[in-house]
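J.: Structure below; questions to follow.
The values are calculated or read from the model by the stated rules, or taken from the named source; none is laboratory data. All of these numbers come straight from a predicted model, not from anything done at the bench. Methodologically, a virtual Cβ is constructed for each residue, glycine included, from the backbone with ideal geometry; neighbour enumeration extends over all protein chains shown.
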Amino acid sequence: MARDYGGAEPPSWRRGRRLAFLWTWGSRVVLVIGLLVFASLPTMLALSMGGPPEPAPKPPVGPPCRPITQAQFYRGYREGPKTFVFLRATFTRRRGNAECRGHSDGLAKHYPVCEFNAPIELAVTAAGKHYWYDVGPGYSAVVEAPPGGPRCTITGRFRL
């Protein structure tokens, strides 16, 4: 025994009706995909351009670092200082880590700003001039090196 739940007559597709059905549903799918792409354009453009701009960094607050001489900087340490170059400025520290970023002060003035955690002493060479600073053990510091000369600020005790 066989059961057939279909109709008794052949399908009622007339000539060209299948094409009209595919055309109708195909155009709806294309329209929905087009609207989704159009709606996501602002997000895609923002991501391709680097995302939202970072807020302007706050200026460092704290006392200035104590300037020292070159002889005081190179006195009595077993290991040598750690030196790196960032945006045409050379930074040297005794210990700790550094995190640097570029800071723009108007149209053409672009200079480095580096944060040091527990450096003890710092040396900065910018525009051919050398500067040495004593931060002290256990303190963090921020060094800005604009074209006029670097500024070192003690930002407080270093905490993990």
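J.: What are the residues in the stretch 73-96 that are farther than 22 Å from THR155 by Cβ and not β-branched (Val, Ile, Thr), if any?
T.: Listed by number, the residues that qualify are TYR74, ARG75, GLY76, TYR77, ARG78, GLU79, GLY80, ARG88.
J.: If you go through the stretch 69-88 one residue at a time, do you hit one that is modelled with pLDDT under 85 and assigned to a strand (DSSP E or B)?
T.: Checked the stretch 69-88: no residue is modelled with pLDDT under 85 and assigned to a strand (DSSP E or B).
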